[in-house]
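To start, I am sharing the structure in question, which I have written as structure tokens.
The values are calculated or read from the model by the stated rules, or taken from the named source; none is laboratory data. Just so you know, these numbers come straight off a predicted model, no measurement behind them. Neighbour counts are summed over all protein chains in view; Cβ atoms, including those assigned to glycine, are modelled from backbone coordinates with ideal geometry.
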Amino acid sequence: MCLGIPGKLTEIYQRNDMPMGKVEFGGILKEVCLAYTPEAQLGQYVVVHVGFAISLIDEAEAEEIFSYIEEIEEPGVRGQRAKRRNIKF
Amino acid sequence: MKYIDEYRDAVAAKKLVEAIRSTTTRPWNIMEVCGGQTHAILRFALDEMLPGRITLIHGPGCPVCVTPIEIIDKAIAIASLPEVIFCSFGDMLRVPGSEKDLLTVKSEGGRVRVVYSPMDAVALAGKNPDREVVFFAIGFETTAPANAMAVVQASKLGLDNFSVLVAHVLVPPAIRAVLSSPENLVQGFLAAGHVCTITGIDQYRPIAEEFGVPIVATGFEPLDILQGVLMCVRQLEEGRADVEIQYTRSVRPEGNPAARKTIEEVFEPVPRKWRGIGEIPMSGLALREKYAKYDAAGRFSVEGITADEPAECIAGEVLQGRRKPHECPAFGTRCTPDRPLGAPMVSSEGACAAYYRYRRKCSGRACPACRRK
Ligand code: SF4
């Protein structure tokens with residue numbers, strides 16, 4: 001229900017006095033209301049929930065988790081980050 | 001997809017699991033509040049990757065699951081009216097009311113429409129001036145700004161044929177209710193990342209302090225959840241009870257000020273009944289006086305409807321983390337996603353449906369239900 005999907009903002013326009021935009025999710029374009037992320041710029045990523053962008057993804061923070069993981073690694077393994085492989089399900 | 005795939009990296013997940021293992025010295029019970037997290041935990045079998053001493057308890061964070069049966073009955077009564085187009089998120093259509101569900105109303109000829117956004121319902125009201133368009137406004141703080149904006153927009157456009165049946169719920173009072181229960185097992189929380197994206201984390205500080213529990217605002221991908229667990233376990237092991245943010249790419253400490261403002265403008269906190277749990281003080285949102293004319297319950301006089309939940313369903317116990325879905329005698333037999341007895345079997349984020357889909361067979365040692373016995 002609280003699903004929020006990250007997508008790339010590809011178009012910005014106004015409708016009924018409301019800032020609107022088109023957001024791309026893996027090739028699919030959807031119309032999104034930008035009233036809650038008025039600062040969003042073309043090309044930026046937003047988290048979308050029920051047709052509203054609820055946040056701008058902070059690109060630097062998005063990388064944080066990977067440095068966090070590097071820091072917890074055993075000293076021997078550090079640096080040789082293995083090839084990424086997605087979890088199977 | 002960007003910002004999704006990289007957070008499903010198996011090697012990084014292993015490293016986080018290892019770190020959790022080496023940090024854990026005692027058994028800990030951690031509740032993930034949000035149904036979206038529950039779904040991801042079961043889907044990616046994250047609970048089975050974790051060391052045996054960490055137990056994840058699935059919380060009440062599925063708005064579909066906690067919407068009380070009497071609100072479903074009200075929705076059904078309104079949707080059955082000939083002049084009404086009843087709009088809802090898809091999940092709600094199969095939630096059983098006392099006698100039927102919204103899907104049955106639709107098959108009986110009622111105008112029930114699934115919408116992706118509440119703004120679609122506003123647009124429908126504009127296109128159908130001779131009909132009453134009613135939107136079923138459910139959800140947590142994540143959805144409240146969208147639903148509030150639909151009301152603001154209808155009011156701006158002068159759409160008097162639009163109204164909302166409001167069943168909004170709030171997370172912090174639910175966490176308090178879980179912690180205040182004498183049977184509470186939960187020692188730390190993963191708070192819901194998208195709820196906190198809207199509200200920020202300030203409301204959680206008094207809870208962490210009063211009950212001495214760590215609370216970590218956590219995202220929804222496997223690495224997010226595992227990092228959230230690690231941050232929570234570190235706090236537990238160090239004897240800290242702070243509010244931290246794991247999901248920093250979306251959650252700012254102050255939340256989303258524009259969204260908070262619109263919620264504040266349209267809604268006010270009220271006591272709300274939760275399915276299977278009962279009434280929790282100030283745990284819901286209702287329209288403010290200023291927008292009272294958009295209240296569907298008043299407009300269609302369904303306020304008086306009350307109903308009891310089916311006795312067999314132990315959803316209340318499941319939603320408070322006291323029992324796992326497959327400890328319910330009806331699980332997988334009299335209650336399945338095709339014929340759900342209770343709401344947690346309907347929504348894909350409901351704990352019962354997630355167990356039915358991913359964990360129907362007991363997986364032995366890793367089976368979270370068996371582990372507790
Ligand atoms: S399995 Fe069905 S009956 Fe049992 S608690 Fe879950 S929803 Fe209710």
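Of the residues in region B:71-92, how many are in a helix (DSSP H, G or I) and buried (at least 20 other Cβ atoms within 10 Å of the Cβ)?
Of the residues in that region, 9 qualify.
Right, here's the next one. Out of the residues in region B:334-359 that are surrounded by fewer than 24 Cβ atoms within 10 Å (Cβ to Cβ) and of a type in the set (D, E, K, R), which is farthest from B:VAL66 (Cα to Cα)?
Here the residue is B:ARG359.
On to the next question. In region B:278-326, which residue that is aliphatic (A, V, I, L, M) and within 16 Å of the ligand (Cβ to nearest atom) is surrounded by the fewest Cβ atoms within 10 Å (Cβ to Cβ)?
Taking the candidates together, the pick is B:ALA311.
A follow-up question, please. Here is a check on your reading of the model: is A:VAL23 more than 10 Å from every other protein chain (Cβ to nearest Cβ), at pLDDT 90 or above and within 13 Å of the chain's Cα centre (by Cα)?
yes
Listed here are the residues, each with its yes/no results for (1) among the polar types (S, T, N, Q); (2) not in a strand (DSSP E or B).
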residue: B:VAL178; (1), (2): no, yes
residue: B:PRO182; (1), (2): no, yes
residue: B:LEU190; (1), (2): no, no
residue: B:GLU210; (1), (2): no, yes
residue: B:VAL216; (1), (2): no, no
residue: B:ARG234; (1), (2): no, yes
residue: B:ARG240; (1), (2): no, yes
residue: B:SER250; (1), (2): yes, yes
residue: B:VAL270; (1), (2): no, no
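Further question on the same structure: State all residues of region A:34-58 that are at the interface with chain B (Cβ under 7 Å from one of its Cβ atoms), aliphatic (A, V, I, L, M) and more than 11 Å from the chain's Cα centre (by Cα); if no residue qualifies, say none.
Passing the criteria: A:ALA35, A:VAL50.
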